[in-house]
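The values are calculated or read from the model by the stated rules, or taken from the named source; none is laboratory data. On a predicted model such as this, the values are computed, not experimentally measured, just so you know. A quick note on method: Cβ atoms are made from the backbone with ideal geometry, for glycine too, and the neighbour counts reach across all protein chains shown. Please note that ligands, DNA and RNA were not included when accessible areas were found on the heavy atoms of the full protein model with its side chains. Shrake-Rupley method; radii C 1.70, N 1.55, O 1.52, S 1.80 Å.
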Amino acid sequence: MKEGSSTPLLSPLYPGPPYHYVDARIFLALFNPPEDSIRALLPKPLRPSQMPLAGLLFAEQPCKEAGTFMESGMLVQC
């Protein structure tokens, strides 16, 4: 089996898509950090964009198929 929607491929932990999220709560904060802060986060050869922009994402996502899960992430424009 070469493709799957979850791991392990032969006995997935979650059912395949589509997924239905009801009453998801998502907070996204965008901000302009100092360029040296972004540069410290990015691996080479990536560089900060001309207008440095970053975001923090926090979410609580109730999924009918897989159950509720929490998610967070950081976005960096480069």
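Spin-label model, residue 68/residue 7: points 7 Å from Cα along the beta carbon direction are separated by 2.7 nm.
Given the alternatives [x] 17.0; [y] 15.3; [z] 12.7, Kirkwood radius over Cα pairs in Å as computed for this entry is given by [y]. The charge dipole of the chain, taken about its Cα centre with unit charges on the Cβ of Lys, Arg, Asp and Glu (plus for the first two, minus for the last two), comes to roughly 240 debye.
Per residue, the chain exposes an accessible area of 81 Å² to a 1.4 Å probe, with every protein chain left in place.
Our summary gives the range 14-65 a relative contact order of 58 percent, counting only alpha carbon pairs under 8 angstrom and 6 or more residues apart.
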